[in-house]
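Structure record follows, encoded as structure tokens.
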Amino acid sequence: MLAKIQKWGNSQGLRLTKNLLTEAQIQVGDEVDLSVKSGVIVISPAKKIRGRYKLEELIARIPENYQNNEVGWGKPVGKEVW
């Protein structure tokens with residue numbers, strides 16, 4: 001597949017097709033690692049050091065009957081608006 005580097009503002013960009021991202025198991029919004037090896041640009045999914053979980057996965061694990069309680073934080077100390 002051929003693509004063209006294009007100017008976007010003060011940067012240059014490359015558009016990737018949905019099929020290419022799917023095949024590479026990369027989604028819109030994912031972080032990627034960019035490197036150059038022997039003059040070739042390599043794009044690979046970033047390995048997460050922190051944040052091993054996605055918010056969606058954590059929320060899916062909350063039981064349906066979970067009841068949260070309101071927490072009283074006391075009176076305002078500074079310029080907070082409560």
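The table below gives the values:
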| item | result |
| --- | --- |
| Failed criterion for D33 (all others in (1) in contact (Cβ under 8 Å) with a residue 12 or more places away in the chain; (2) open to solvent by 100 Å² or more (accessible area, probe 1.4 Å); (3) acidic (D, E) hold) | (2) |
| Residue in region 40-63 that is surrounded by 10 or more Cβ atoms within 10 Å (Cβ to Cβ), of a type in the set (D, E, K, R) and within 30 Å of L2 (Cβ to Cβ) present | no |
| Long-range neighbours under 8 Å by Cβ, at least six apart or interchain, first residue more than 15 Å from I43 (Cα to Cα) within region 1-21, second open to solvent by less than 70 Å² (accessible area, probe 1.4 Å) and part of a strand (DSSP E or B) | Q6/G13; K7/G13 |
| Total residues in region 7-30, condition open to solvent by less than 80 Å² (accessible area, probe 1.4 Å) and over 16 Å from the mean Cα position of the chain (by Cα) | 7 |
| Tally of residues being aliphatic (A, V, I, L, M) and in a helix (DSSP H, G or I) across region 11-67 | 6 |
| Residue match in region 68-78 (condition: assigned to a loop (DSSP other than H, G, I, E, B), surrounded by 10 or more Cβ atoms within 10 Å (Cβ to Cβ) and out of contact with any strand residue (DSSP E or B) (no Cβ under 7 Å at 6 or more places or on another chain)) | no |
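The values are calculated or read from the model by the stated rules, or taken from the named source; none is laboratory data. A quick note: this is a predicted structure, and the numbers were derived from the prediction, not measured. Glycine also receives a Cβ, built like all others from the backbone with ideal geometry; neighbour counts cover every protein chain displayed. Side chains are part of the model used for accessible areas, which takes the heavy atoms of the whole protein and leaves out ligands, DNA and RNA. Shrake-Rupley method; radii C 1.70, N 1.55, O 1.52, S 1.80 Å.
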